[in-house]
Each structure stands twice: as C-alpha cells, then as structure tokens.
Amino acid sequence: ARPRRALVIASFGCVAAGWPFAGIAMVPLGLWGCASVGIRPAVLWTLSAAALALVLGAWADRGHYERWVLAPLNLVRYNFAGGDSTLYGVEPFHFYWKNLLLNFAPAVVVPLFGAFFSACNALSARRVECSARSRAWYLA
C-alpha cells in the first residue's frame with residue numbers, strides 16, 4: 001500500500017502543481033514503485049492519479065478562462081515546441097549548474113557523500129561501520 005500511495009501523491013502533486021517537469025524528480029520513486037508492486041500496477045496508479053489531477057485542473061481552468069485549458073500541456077508546448085525562448089532570456093547550459101552550486105552548495109554536495117558511503121556499504125564486508133557513516137552523511 002505504501003508504494004501505491006507514494007506514487008499517487010507524487011504524480012497527483014506534479015500535475016496539480018502545474019509543473020510537469022517535477023515528474024523528472026520522481027523517477028527514483030517510480031522505479032521503487034515498479035520494483036515493489038510491479039510495472040503494470042505502478043503505471044496504472046500513476047497514470048490514473050495524473051489523469052484525475054489533469055481533469056480537475058482543466059475543470060477549474062474552464063471556470064476561470066471560460067474555455068478548456070490544460071495548463072501543464074501549454075507549459076510543455078511553450079518550452080519545447082517553438083515558444084519564444086527569448087522572452088525571458090537565453091542562458092548557456094552551464095548557467096543552471098553554476099546557479100545550482102551557488103545557491104544550494106551544501107544541498108548539492110552532501111548527498112554525493114551519501115551516495116559514496118551507500119556504495120561503500122554495498123561493497124564492504126564491514127557493513128555496520130560503513131552503514132553508520134552512510135546514514136550520518138545521508139541525514140546531514
């Protein structure tokens with residue numbers, strides 16, 4: 001029940017928030033759900049929650065705009081299908097990485113240590129000692 005609930009909440013939240021790109025951050029959760037309940041149920045739960053969020057959002061937008069609108073679809077279409085990208089400025093790809101490191105330096109670097117110690121945990125014969133270190137870095 002936990003993987004299904006997590007998939008429903010995540011997919012509903014990504015669509016209902018109107019920010020479909022947040023779905024990329026939910027890929028690990030989706031893989032966990034597929035491993036836990038199977039691919040078919042995970043996809044079914046995810047798509048049904050996303051469809052419900054789309055229907056409710058379109059219904060609310062219909063009341064405000066007096067026409068049927070899918071705001072997440074318009075967002076994706078604008079950003080990927082020939083929208084005017086110069087409207088808000090155009091930056092090179094490394095701009096976003098530099099911005100990420102500048103604004104969230106500890107939040108970017110510390111999880112890398114957690115990943116290292118988790119790999120150490122998986123490969124080490126001394127699991128207890130390494131596991132304590134990986135938990136400490138992960139919680140930091």
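The values are calculated or read from the model by the stated rules, or taken from the named source; none is laboratory data. Treat the numbers as computed from the prediction; the structure is a model and nothing was measured. Methodologically, a virtual Cβ is constructed for each residue, glycine included, from the backbone with ideal geometry; neighbour enumeration extends over all protein chains shown. Remember, those area values only see protein heavy atoms, side chains included, never the ligands or the DNA or RNA. Shrake-Rupley method; radii C 1.70, N 1.55, O 1.52, S 1.80 Å.
Report, by residue number, each residue of the range 20-34 that is open to solvent by less than 90 Å² (accessible area, probe 1.4 Å) and either touching a helix residue (DSSP H, G or I) at 6+ places or on another chain (Cβ under 7 Å) or modelled with pLDDT of 85 or more (or both).
Within the range 20-34, Pro20, Ala22, Gly23, Met26, Leu29, Gly30, Gly33, Cys34 meet the criteria.
Given (1) farther than 25 Å from Gly23 by Cβ; (2) part of a loop (DSSP other than H, G, I, E, B); (3) at pLDDT below 75, where does Arg67 come up short, assuming only one miss?
(3)
In the range 92-110, is there at least one residue being in contact with a Phe, Trp or Tyr (Cβ under 8 Å, 6 or more places away or on another chain) and at pLDDT below 65?
To start, the set of residues in the range 92-110 that are in contact with a Phe, Trp or Tyr (Cβ under 8 Å, 6 or more places away or on another chain) comprises 110.
Restricting the remaining residues to those that are at pLDDT below 65 gives none.
So far as the range 92-110 goes, no, none of its residues is in contact with a Phe, Trp or Tyr (Cβ under 8 Å, 6 or more places away or on another chain) and at pLDDT below 65.
Kindly list, by first and then second residue, each pair from a residue in the range 94-110 that is free of Cβ contacts under 8 Å to residues at least 40 places away in the same chain to a residue that is polar (S, T, N, Q) and loosely packed, with under 10 Cβ neighbours inside 10 Å, limited to pairs with Cβ atoms under 8 Å and residues at least 6 apart or on different chains.
Close Cβ pairs (under 8 Å, with a partner that is polar (S, T, N, Q) and loosely packed, with under 10 Cβ neighbours inside 10 Å) do not exist here.
List the residue pairs whose Cβ atoms are under 8 Å apart, where the first residue sits in the range 60-77 and is in contact (Cβ under 8 Å) with a residue 12 or more places away in the chain, the second is open to solvent by 100 Å² or more (accessible area, probe 1.4 Å), and the two are 6 or more positions apart or on different chains.
Every condition considered, the pairs that remain are Pro72/Trp19; Leu75/Trp19.
Restricting to the range 77-91, and then to whatever is open to solvent by less than 100 Å² (accessible area, probe 1.4 Å) and in a helix (DSSP H, G or I), can you tell me which residue is modelled with the highest pLDDT?
Tyr78
Any residue in the range 19-42 that is closer than 9 Å to Pro3 by Cα sitting within a Cβ distance under 6 Å of a residue that is of a type outside the set (A, V, I, L, M, F, W, C) and assigned to a helix (DSSP H, G or I)? List the pairs, counting only those 6 or more apart or interchain.
Final answer for the pair search is Gly33/Pro3; Ser36/Pro3; Val37/Pro3; Ala42/Gly33.
Give the range 63-76 a look and list any residue that's open to solvent by 100 Å² or more (accessible area, probe 1.4 Å) and within 18 Å of Ala53 (Cβ to Cβ), or say none.
Answer for the range 63-76, where residues must be open to solvent by 100 Å² or more (accessible area, probe 1.4 Å) and within 18 Å of Ala53 (Cβ to Cβ): His64, Tyr65, Trp68.
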